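Read the structure below first, then the notes.
Every number here is computed from the coordinates shown, using simple stated rules; none is lab data. No experiment lies behind these values; they were computed from the predicted model shown. All Cβ positions, glycine included, derive from the backbone under ideal geometry; neighbour counts span all protein chains shown.
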Number of protein chains: 2
Amino acid sequence: MGAIRVDGDSPTLAIIKTELQLAANGFLDKNLPLAFDHQEEAARLIISKQTPSGWDPSAKGSLGREGYRLLKNDAGVVWVAADTDIGLLYGTFKFLQLMQTGAGIPESGYHSEPKIQHRILNHWDNLNRTLERGYAGASIWNWHRLPDHIDQQYHDYARANASIGINGSVVTNVNANALVLTPEYLEKAAALADVFRPYGITLYLTARFSAPMELGRLPTADPLDPGVQQWWKDKADEIYRYIPDFGGFLVKADSEGQPGPHNYQRSQADGANLLADALKPHGGIVMWRAFVYSEDTPDDRAKQAYQEFQPYDGSFRDNVIVQVKNGAIDFQPREPFHPLFGAMPQTPLMMEFQITQEYLGQATHHVFLPSLYTEVLQSDTYVNGPGSTVSKVIDGSLHGYSLTAMAGVSNIGTDRNWTGHHFHQANWFGYGRLAWDPEISPETIADEWLRLTFTNAPEFIEPVKKMMLQSHEMAVNYMTPLGLHHIMAWSHHYGPGPWVTDRHRDDWTSTYYHKASENGVGFDRTASGSNALEQYAPELQAQWGDPKRVPEKYLLWFHHVPWEYTLQNGRTLWDEMALRYQKGVDEARQNVATWESLESYVDEERHAHVFSFLEIQAKEAAWWRDACLLYFQQFAQSPLPEGVEKPEKELEYFMGIRHRYVPGN
Amino acid sequence: MGAIRVDGDSPTLAIIKTELQLAANGFLDKNLPLAFDHQEEAARLIISKQTPSGWDPSAKGSLGREGYRLLKNDAGVVWVAADTDIGLLYGTFKFLQLMQTGAGIPESGYHSEPKIQHRILNHWDNLNRTLERGYAGASIWNWHRLPDHIDQQYHDYARANASIGINGSVVTNVNANALVLTPEYLEKAAALADVFRPYGITLYLTARFSAPMELGRLPTADPLDPGVQQWWKDKADEIYRYIPDFGGFLVKADSEGQPGPHNYQRSQADGANLLADALKPHGGIVMWRAFVYSEDTPDDRAKQAYQEFQPYDGSFRDNVIVQVKNGAIDFQPREPFHPLFGAMPQTPLMMEFQITQEYLGQATHHVFLPSLYTEVLQSDTYVNGPGSTVSKVIDGSLHGYSLTAMAGVSNIGTDRNWTGHHFHQANWFGYGRLAWDPEISPETIADEWLRLTFTNAPEFIEPVKKMMLQSHEMAVNYMTPLGLHHIMAWSHHYGPGPWVTDRHRDDWTSTYYHKASENGVGFDRTASGSNALEQYAPELQAQWGDPKRVPEKYLLWFHHVPWEYTLQNGRTLWDEMALRYQKGVDEARQNVATWESLESYVDEERHAHVFSFLEIQAKEAAWWRDACLLYFQQFAQSPLPEGVEKPEKELEYFMGIRHRYVPGN
């Protein structure tokens, strides 16, 4: 009679016991009784930081702050080993995953340590429970009821994150409200931190740069002003009295109306260092966002972050990390990697991915984002020669960063299924997996997620995995093929809007980005245009600067080309663009049929939910196709090629569509 | 081997089958196999509009559009009988309730028909999913995803309502947005109506009076303008093309900034009749709210609705019903019944209760509202002599109304438990039960709800029922004892604010209502004051006009009395007020202890949730007590009587509290 042995007592170990108890009622081996037995001999599953007798201590090795090892001896006894409680929790989750998916423990054991230190969710959640760019209901943070009421959902949230290795949460919007730094709200934040702590999750807050003026009544927020510096030091001291393991600040400054060091003719480094100095005595970090661009659009928006940050490489304190979006514009369906990656060897850079789906169909379009993440992570910057991938920038190995991090902008809300679309749970999951190990393949992630979420039946796994893996390319095709970008509707970015023009900010309009005319389409970012290309390594300049060598997926990102331009497959640009839009629609429709055929593998409620969202996606893919092709056809002045459906409405119809109360604004 | 027989096929009958299947896995007799057997002989439970062979057809009787009868023969076979499918559904729910609570079918059978025709929930939900005065998360209506995605929650909502007899839902806010009357939104509303229909629930919308101008570009919304009349007729025709069984409009006009007939010097009857004429050909009704009062506060706010409506008694079309809040101010913890009840014999009046808890602690304070509802419903108007209760006005029996209705302002949101506080489900439940039968006692409702929600164990039922039944009086005591009213914080009405004064509307301030000074406290509504009392029957004028005869719970509602005024128990007004505040606090604390002691009867998650809310309530009860007593003590200039705890903070502290982002605004 075997049993489970969990050595020691702590809040985290209590969570491990609860997880094992929950699992025992479900998928664990029925022959594994759930007596937490302290008699070593009897145990068949041992969760312990100490080496059980009869085991070779060297087999465990050193596992760091978060690593773990699963070991199995000849008698089939499994040891989940780690140096810390949180390592044991991660190991337990992995053990359970291997059980549930039927993989089992490899004979040689299983070892894992995260490649990135800080694996963080960013919540763009406002204190009034609205969300910016959140599409799955209201914010799960009920600030009004905190700190007195700790909702079960906070525990569930922490548990879900821990199970996929996420170890940090910025609970407030980057468009920040200084109020969260007041005692009233710090007490509330501390209550959340208390829930997160045993799950190994650190709480961070967003800091509004002008807080010393708004809260402290100072006349300035100048980062070089001693009074301002003292205010932030005092504020940091105060925060750590509430939250002793507070993680630090995430800051959006000098961007889209947010205050920042520019207001005082100071640099981004001056701004970041101000906060870093305040946090330093307590061990906190500053995540300073590179998403800085001017509303006066003096230059190509794609170039501005680089211009703003690259000259200051090496000027940041050692507890600052610069948080860079995956691309230089803004979470487009597809973008080349951000030119800052590889360009700041003296300054730790972290990745900011979006998990939520602004510009990407929001909650109702199935887009498996690990494909996008991996495309970016595996991009070669060439800065230290071939193989200098973005993932190696991020994991610190390329430049020897001592601080590493990844952020994902959360897609979580109060929807019953957390993420609006059931399949968007896979993006939360996949983000966590890639933050742990940026080299994991999208195939592996999709496979794991499907097994953990639905079933191990291959008749279900194979077609649905295929659907997931092609979904990103499909969405790019029906939205922005061939390097098109930012041609969405105004402000809420829901649905097509290639005609958006002449608004108060050029760099928020579509015509600024596609530059379509009878002469052609695309943004010339070569030397003959904005020369954003010069921000990349020479190898990439040579390749991407040549319209014949640039990957066609980036063609219109870097080049303005005529409509009759001939692509590698011999088609004209116009014909290929039209056929790609059609391909996206065709695949979205095929997904509906595929999913319908798999009804018997999924419970009725989830099947119906996903089905109706896939139908919405297919309908909206056609909306995108028709609106964009009718718009661009004005300039291309060519008929639709064979195989592309004729739109049922005129362009004016699509231009007249006005959606109000789109979520996420 | 018995079985269940459900005769016929319809969406409603399919729901009945599903309910029986769900129940079979839970609390139904395990010996009742769930074969839906059409062989009459074998059935032990028969759900049918037809008389089964062997039964006396006269035993069923005529049951109307929604009534049902449960019958049992000597062999123990149960027949759920009705004249309609929806009657069968109501009967099935009652059958299941009697099974679950262990009551069983009485030997003599069970018969029920609703006493009120239209039993309606009012959702003050905005199209962007915010709620006005909703405290349980966001709106459950996801307009953005409608009509393409029908969320399971819409079905669950309809099911819950049908199970308690609610048969109508106004899905939009009374502070109305005309957009909901456009084709885009009518298509969405129609999708909801399709879900509701088989559950016997009719969909209604709120109509913005100025819609002809906003949507139709007319120069006026004057109800006597032929163009306006035609616009509404056309709009009604259009709505019924989308929703053939559309219920009609709920209208808030000439109130708190809403447009209305006053803008054109027309009466409320002119306004209501305009819409009624448009709906009449289709069978729709207008629920025209009496909550009309002027921001210029020319007279006691309590008098204005009566002044506005009573003179027009008999001037309304026969498909208009005037919707009157239970009291003349606004959903206070306690109010005398509204003087319009009994005053309009020629015009159907319906009751508007709030289920949500503006002014009443919002989501976190446990207040069992059926106590409040029943206090109002059983109030005697005396208009046709003693026994002329408000319930008899509402059920139509007093004046022979041909149209009867009750509305409850919903407390439903996206919170996992629907209502924020688990116990606020009891208010939704209780509202439904009283709308079906206004004579049911709060004791019965509490007993039914506890058994259906938690357990039949008397060790749990008795103390918790007691807690529920005393909770309304408790809340009145710690908020507004002895007839005090509307002394809450500004705008969001969360927490105490007796000091609120000098704002842009007198009638939204606290000092307007309590009129405290060194001379005394209370609003003189007798002949020496505003004489709001004259709107009641002479019997009540005589009783309530005399400070010695008025029930002390209404004392300060009708009288301004000195602080040293002696009450029936011999105490001074000041001492009694202080002791009542203390009593409310004591009981709120006792509830925490009571609930804690019952841990073994409730699952851990719900127990913890309720416990933390009860703790919040006890804490906030003390906040109310301290803030109000310190404030009033300035005028009373007397010490706190023995038994009342001394506040730990000064008045200035309480006056300085500023809560931001309070839900429901």
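For segment B:263-422, give the share of DSSP beta bridges that are antiparallel, in percent and rounded to the nearest 5; count only bridges with both residues there. Rounded to the nearest five, the antiparallel share is 5 percent.
Segment B:158-180 and segment A:122-198 have Cα centres lying 31 Å from one another. Per residue of peptide B:413-420, the mean number of Cβ atoms on other chains within 10 Å of the residue Cβ is 3. Counting other Cβ atoms within 10 Å as a rough exposure proxy, the listed residues B:SER402, B:SER391 run B:SER402, B:SER391 from fewest neighbours to most.
Indicate, rounded to the nearest 5 percent, the antiparallel portion of the DSSP beta bridges found entirely in segment B:118-441. Taking every DSSP beta bridge within segment B:118-441, about 5 percent pair in antiparallel fashion. Across the copies of the chain, A:GLN152 has label points (7 Å from Cα along Cα→Cβ) spaced 1.5 nm apart, shortest distance listed first. Looking at the P(r) of the protein assembly as shown, how many percent of alpha-carbon pairs lie beyond 57 Å? Summing the P(r) tail past 57 Å for the protein assembly as shown gives 25 percent.
Phi angles across segment A:436-447 convert, under the Karplus curve 6.51 cos²θ - 1.76 cosθ + 1.60 with θ = phi - 60°, into 3J(HN,Hα) values of 6, 8, x, 9, 4, 8, x, 4, 4, 4, 4, 4 Hz, Gly and Pro given as x. Each label was represented as a point 7 Å from its Cα along the Cα-to-Cβ direction; for B:LYS548 and A:MET655 these points are 8.3 nm apart. Taken one residue at a time, the phi angles of segment A:339-355 give Karplus couplings (6.51, -1.76, 1.60, θ = phi - 60°) of x, 5, 5, x, 9, 10, x, 8, 10, x, 10, 10, 8, 10, 9, 9, 9 Hz. Gly and Pro are set to x. Other residues within the sphere of radius under 13 Å centred on the Cβ of B:GLY64, judged by their own Cβ, net out at +2 (K and R +1, D and E -1).
Where in segment A:43-72 are there trypsin sites (Lys or Arg not before Pro) that are in a DSSP coil and have at most 15 other Cβ atoms within 10 angstrom of their Cβ? Those satisfying the criteria are A:ARG65. Angle check, please: helix B:573-597 long axis (alpha carbons) against the longest principal axis of chain B (alpha carbons), in degrees 0 to 90, nearest 10. Helix B:573-597 sits roughly 40 degrees off the main axis of chain B.
Every pair of different Cα atoms in chain A enters the Kirkwood calculation, which places the hydrodynamic radius at 26.2 Å. Averaging the Cα positions of each part gives two centres, and for segment A:469-511 and segment A:273-300 these lie 28 Å apart.
Listed from fewest to most Cβ neighbours within 10 Å, the set B:THR501, B:THR356 follows the order B:THR501, B:THR356.
With R₀ fixed at 41 Å, the C-beta to C-beta distance from B:GLU645 to A:THR18 puts the FRET efficiency at about 0.55.
Compared with the dominant Cα axis of chain B, that is its longest principal axis, helix B:268-279 is turned about 20°. Evaluated over the Cα positions of segment A:4-112, the convex hull gives a direction-averaged projected area, one quarter of its surface, of 6.2 nm².
Applied to segment A:288-296, the Karplus parametrisation 6.51 cos²θ - 1.76 cosθ + 1.60 on θ = phi - 60° returns per-residue 3J(HN,Hα) values of 9, 6, 8, 6, 10, 7, 8, 6, 7 Hz, with x for Gly and Pro.
The amide H of B:ALA43, built 1.01 Å from its N in the peptide plane, has B:ALA3 as neighbours under 5 Å, considering only residues 5 or more places off or on other chains. Structure note, pairs A:LYS646/B:LYS235; A:LYS619/A:LYS649; B:LYS49/B:LYS115; A:LYS553/A:LYS583; A:LYS235/A:LYS303; B:LYS548/B:LYS619: Cα-Cα distances above 23 angstrom occur for A:LYS646/B:LYS235; A:LYS235/A:LYS303; B:LYS548/B:LYS619.
Computed from Cα positions, the angle between helix A:183-196 and the longest principal axis of chain A comes to roughly 70 degrees.
Here the Kirkwood formula puts the hydrodynamic radius of segment B:342-470 at 15.6 Å, using every distinct Cα pair. Counting other Cβ atoms within 10 Å as a rough exposure proxy, the listed residues A:LYS646, A:LYS233 run A:LYS646, A:LYS233 from fewest neighbours to most.
For B:ILE285, the amide hydrogen comes within under 5 Å of the amide hydrogens of B:GLY248, B:PHE249, counting only partners 5 or more places away or on other chains and with H modelled in the peptide plane. Legend: mean number of C-beta atoms from other chains within 10 angstrom of residue C-beta atoms, peptide A:505-513, equals 0. Under a 5 Å amide H cut-off, with hydrogens placed 1.01 Å from N, B:VAL409 pairs with B:ASN122, B:PHE353, B:GLN354, B:ILE355, B:THR356 among residues at least 5 apart or on other chains. DSSP finds beta bridges in the protein assembly as shown, and of those with both partners inside it, around 25 percent are antiparallel. Summary of the geometry: segment B:607-642 and segment B:514-593, compared by the centres of their Cα atoms, lie 19 Å apart. Diagonalising the gyration tensor over the Cα atoms of segment B:118-441 and scaling each eigenvalue by 5 before taking the square root yields semi-axes of 27, 26, 18 Å, largest first.
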